[in-house]
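Every number here is computed from the coordinates shown, using simple stated rules; none is lab data. It should be emphasised that the depicted structure is a prediction, and the values quoted were computed from it without experimental measurement. Please note: Cβ atoms are built from the backbone with ideal geometry, for glycine as well, and neighbour counts cover all protein chains shown.
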Amino acid sequence: MFSLKQRNGGNGDPEAIEISVYDYFVKNRGIELRYSGDFPCINVGKPRRPTYFPIELCQLVPLQRYTKSLSTLQRSSLVEKSRQKPQERMSVLSDVLKRSSYDTEPMLKACGISIAQGFTQVSGRVLQAPKLKAGNGEDIFTRNGRWNFNNKRLARPCVVDRWAVTVEKPHIVIEENGSMRRAPAPKRVEDMFEQVKSKLPGAPKFLLCILAERKNSDVYGPWKRKCLADFGIVTQCVAPTRVNDQYLTNVLLKINAKLGGMNSLLQIEMSPSIPLVSKVPTLILGMDVSHGSPGQSDIPSIAAVVGSREWPLVSKYRASVRSQSPKLEMIDSLFKPQGTDDDGLVRECLIDFYTSSGKRKPDQIIIFRDGVSESQFNQVLNIELDQIIEACKFLDENWNPKFTLIVAQKNHHTKFFIPGSPENVPPGTVVDNAVCHPRNYDFYMCAHAGMIGTTRPTHYHILHDEIHFAADDLQDLVHSLSLRS
């Protein structure tokens, strides 16, 4: 039903009447409808101004891109398709190329364009695996991009003097009465916190939550929001079906990192011997923007910047987060002049680096930017980099650090295969020829071992380099940083 304004007898003020979509089309538009009386309508308008059409009057135009969230079955099918091993994917791509028959396409022939029937042959090299150190300087040996932390000491364990464990059983929340067993998730979380506050003298620094369901727990989201957003409490949720030493070790490593500890260190940062980076104070920034799920166009996007601290280390970071307009990819809160309550994301990282690195300002700043396409490179250079420079000038007018700006892209379709081998390319593989830009500096790197499916390399574009890295030194640095947790 909706309100329709019509004039009573042709004169006077319009009168609003309630009418159904079915009656409107049949009586007012004179359109015969056979099925719509029993079917829902299609809303082609906006949330605040809906526009309804009978479903039998609509046609679905083929080959449209679906931008909404996928169903559980569709997501499962998509994941299964992505599990193709390298040889299987090569076979599928070859078959598609043959069926396309590009060599007989008139348009391509008229333009003098031909497409090779085989894969492009490129040469790559495999970088040496970075050496890691655990506690007491003990070596961690990597094999095929993986390593085992069993019977190792943490490089820098954290200390927690106040902590708590909460248990969410299938029908009981901590020790509450039975009336809470079917309460909404936010209410259950509130009750958990009341129990925690009543049993501890102060707010805990860490909360371990044991969930009843391994997947799709309705308590997980409200619990994380309450802990992190409302109270700033570090939390770890677990829902183990089987508990063994490997599982407990992995959980311990996550908890130690969340609480500010360090699980391991790069040998080159302990020496320190990282080319260019270890010689002068160097800040490493990582920047990205996360958007709402497909179909949630009104959900704010989240901009995040992480910055290294305690130079000459490159394994220790702090994070700064802000919300911004939905679907906005450029970060608009990197720098804001004094006079507001928020001085920007970068200023927080700069001050933290200064205070944690012996009162030293970074002479070099390396920026890794994720999530932007080639069409947005100029915006990153002219908008985001300028904001970072302004943040530096705001702290010290005479401060002129050198910048290197790198964009990391993962949303592409380039993949590498080893001829005659069923395996993925080994971790540390770098390709910087043939399929790269003829003039600009870019390269592909597979830093990790591809255990499932076909490895997708990260495509790095060096947009700005005042530090003047040698190609080998920069690729070694990126490879080493890829192994940090």
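Counting every alpha-carbon pair across the chain, the share separated by more than 31 Å comes to 62%.
The Rg/Rh ratio for the stretch 72-119, using Cα coordinates for both the radius of gyration and the Kirkwood hydrodynamic radius, is 1.18. Look at the alpha carbon pairs under 8 Å that are at least 6 residues apart: their mean separation over the length of the chain gives a relative contact order of 13 percent.
Ignoring solvent entirely, what values of log10 I(q)/I(0) come out of the Debye formula for the stretch 2-57 at 0.13, 0.16 Å⁻¹ when each Cα is a single scatterer? With no solvent term, the Cα-only Debye profile gives -0.39, -0.57.
Each Lys and Arg Cβ is given +1 and each Asp and Glu Cβ -1; about its Cα centre, the chain then shows a dipole of about 1220 debye.
Net charge in the neighbourhood of residue 473 (other residues with Cβ under 14 Å of its Cβ; Lys, Arg +1, Asp, Glu -1) is -3. Counting neighbouring beta carbons within 10 Å and listing from fewest to most, the residues 454, 404, 72 come out as 72, 454, 404.
Amide H contacts of residue 344 (H built 1.01 Å from N, in plane; Pro and chain starts excluded): 336 sit under 5 Å, all sequence-distant by 5 or more or on other chains.
Scanning the chain for GluC sites (Glu not before Pro) lying in DSSP loops with no more than 11 further Cβ atoms inside 10 Å, the longest uninterrupted stretch between such sites is 176-396.
Sequentially through the stretch 345-352, phi angles give Karplus couplings (6.51, -1.76, 1.60; θ = phi - 60°) of 5, 5, 4, 4, 5, 5, 5, 5 Hz, Gly and Pro residues having no value and appearing as x. Residues 373, 356 in ascending order of nearby Cβ atoms (within 10 Å, fewest first): 373, 356. Shown here for the stretch 347-391: chymotrypsin sites (Phe, Trp or Tyr not before Pro) in loop regions (DSSP other than H, G, I, E, B) with at most 12 other Cβ atoms within 10 Å, of which there are none.
With θ taken as phi - 60° and the Karplus curve 6.51 cos²θ - 1.76 cosθ + 1.60 applied, the whole-hertz 3J(HN,Hα) list for the stretch 147-163 is 8, 10, 9, 4, 6, 10, 8, 5, 4, 8, x, 7, 10, 10, 9, 9, 8 Hz, x standing for glycine and proline.
Coupling constants for the stretch 36-45 follow from the phi torsions by the Karplus curve (6.51 cos²θ - 1.76 cosθ + 1.60, θ = phi - 60°), and in residue order they are 5, x, 10, 10, x, 8, 9, 9, 9, x Hz; glycine and proline get x.
Restricting to the chain, what percent of DSSP beta bridges are antiparallel, rounded to 5?
65
What the Cα convex hull of the stretch 222-349 gives, in volume per residue, is 173 Å³. Taking amide hydrogens as placed 1.01 Å from N in the peptide plane, the amide H of residue 166 sits under 5 Å from those of 208, 209, 210, each at least 5 positions away in sequence or on another chain.
Measuring between their Cα centroids, the stretch 240-296 and the stretch 1-68 lie 54 Å from each other.
One way to sum up the overall shape of the stretch 1-112 is the equivalent ellipsoid from its Cα gyration tensor, whose semi-axes run 51, 21, 13 Å, largest first. For residue 464, the residues 5 or more places off, or on other chains, whose built amide H falls under 5 Å of its own are 405. Using alpha-carbon positions, what is the distance between the centroids of the stretch 129-159 and the stretch 427-452, in Å? So the separation of the two Cα centres works out to 26 Å.
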